Amino acid sequence: MNVSPLVGRPGAVQMEGGAVAVHYGDPLREQRLLAEGAGLVDRSNRDVVAVPGADRLTWLHSLTSQHLDGLADASGSEALVLSPNGHVEHHLVLADLGGTTWADVEPGTGAALVTFLERMRFMLRVEPAMVTTDWAVLSVVGPKAGDVLAAAQLPAPAADYAVVALESGFVRRMPPIGDGGSTVFDLVVPRADLGTVADSLLAAGAAPAGFQAFEALRVEARRPRFGVDSDHRTIPNELEWLQTAVHLNKGCYRGQETVARVHNLGRPPRRLVLLHLDGVSEVLAEPGTLVLAGTREVGRVGSVVRHYELGVIALALVKQSVAMDTVLTVAGSTAGIDPDDAPAGPDDTLAAARERVRAVRSATIGR
């Protein structure tokens, strides 16, 4: 595990057994900073994989759910590696630059991804390699993130997934998180330069923000994490990855039949929803905790966070049959599905769901 040098900075609280700071003393204030200003988030616990070689894009195109054959230089995307049955095995955030395709993935998953890629090389001109020891991810997040990059004399890509080269490494713009106003710029830089790059961004106006703050805004935006908000049964159709990481009109790839069939039928077995929990327990539920309707299991939670405005919220995969007004519990806490995850159009079910969420929010604020 590559423990970040930034965990030694003043105020940093390191996750137990983790490699980055979870907060710098005030997680809720740090969330507000990411929502209203600009914060620097150390995400150097992510694994980084590099794939150089002339055949890299056609090769990755054939292996993943994304249309990568014509991916332009200095651009990025998201992609999935699926099982033959269409279950998600890897989620990749990509950047192609100067003859190399870079993929940053969830912490601890890079080695398995490289093992899979090595098995699929055959005689192609590709050289996949795990480079986490040498490269790391930092993120500048917030509505003023672009101002920070400008003050640090760093480029700020103008469009989502656009990539701009640095003297060493690159900057990639990602879709915003939170309520849609917090821009995310990922910087992939030499791990040896983490401290220097962080100092320049802090001097340019960013403030340190921990991993918890980033997670809270990510959950609010319903942005799933592989292995946390997904499980061994997850198919892309159940998550927003169907829009961001899957190309529905590309040629054959492993697992495509399942994706296409469920898409055409229009009803995946589960759906991702945002839950509002009453927050009775001070201990947040762990990923994988069951979602119950009475005594009946109807789903599982993934990420569970304490949001500075919304209280305790969670991403959950629940059965399609779960109605908006169903009484749900998670580890003893009452939960309601966010009204924005209801079917379009006002009806009695939607109205009841709104009332349930209002009650949960009122109970949280009252404490």
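The values are calculated or read from the model by the stated rules, or taken from the named source; none is laboratory data. All values reported here derive from a predicted model rather than from experimental measurement. Counting neighbours? That spans all protein chains shown, and the Cβs are built from the backbone with ideal geometry, glycine included.
What the table below lists for this structure:
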quantity	calculated
Residues that are more than 27 Å from GLY98 (Cβ to Cβ), assigned to a helix (DSSP H, G or I) and either modelled with pLDDT under 95 or in contact with a strand residue (DSSP E or B) (Cβ under 8 Å, 6 or more places away or on another chain) (or both), drawn from region 198-209	LEU202
Region 295-322, residues that are outside any strand (DSSP E or B) and either within 15 Å of HIS276 (Cβ to Cβ) or of a type in the set (A, V, I, L, M, F, W, C) (or both)	TYR308, GLU309, LEU310, VAL322
Residue in region 253-262 that is touching a residue at least 24 places away in the same chain (Cβ under 8 Å), closer than 23 Å to PRO27 by Cβ and either in contact with a Cys (Cβ under 8 Å, 6 or more places away or on another chain) or buried (at least 18 other Cβ atoms within 10 Å of the Cβ) (or both) present	no
Close pairs (6 angstrom Cβ cut-off, 6 or more residues apart or separate chains): crowded, with 19+ Cβ neighbours inside 10 Å in region 295-307, of a type in the set (Asp, Glu) and outside any strand (DSSP E or B) anywhere	GLY302/ASP229; SER303/ASP229; VAL305/GLU215
ASN2 being at pLDDT 95 or above and part of a loop (DSSP other than H, G, I, E, B)	no
Filter result (in contact with a Gly (Cβ under 8 Å, 6 or more places away or on another chain), of a type in the set (Gly, Ala, Ser) and either in a strand (DSSP E or B) or buried (at least 22 other Cβ atoms within 10 Å of the Cβ) (or both)) within region 146-197	ALA162, ALA165, SER182
Residue list for region 182-196, filter: within 19 Å of the chain's Cα centre (by Cα) and farther than 13 Å from SER44 by Cβ	SER182, THR183, VAL184, PHE185
Matching residues in region 13-29 - criterion: being under 20 Å from GLY195 (Cα atoms) and either in contact with a His (Cβ under 8 Å, 6 or more places away or on another chain) or not in a loop (DSSP other than H, G, I, E, B) (or both)	VAL13, GLN14, ALA21, VAL22, HIS23
Failed item in (1) out of contact with any strand residue (DSSP E or B) (no Cβ under 7 Å at 6 or more places or on another chain); (2) buried (at least 20 other Cβ atoms within 10 Å of the Cβ), with ARG56 passing the rest	(1)
Complete set of residues in region 263-294 that are surrounded by 13 or more Cβ atoms within 10 Å (Cβ to Cβ), assigned to a loop (DSSP other than H, G, I, E, B) and at negative phi	PRO268, PRO269, ASP278, VAL280, SER281, LEU284, ALA285, PRO287, THR289
Among residues of region 30-70, those that are touching a Gly at 6+ places or on another chain (Cβ under 9 Å) and part of a helix (DSSP H, G or I), counted	11
Residues being of a type in the set (Asp, Glu) and not in a loop (DSSP other than H, G, I, E, B) - total across region 210-229	2
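The rows are residues; the columns are (1) of a type in the set (Val, Ile, Thr); (2) under 26 Å from THR258 (Cβ atoms); (3) at pLDDT 95 or above.
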residue	(1), (2), (3)
ARG43	no, no, yes
ARG46	no, no, yes
GLY53	no, no, yes
LEU68	no, yes, yes
LEU80	no, yes, yes
LEU94	no, yes, yes
VAL114	yes, yes, yes
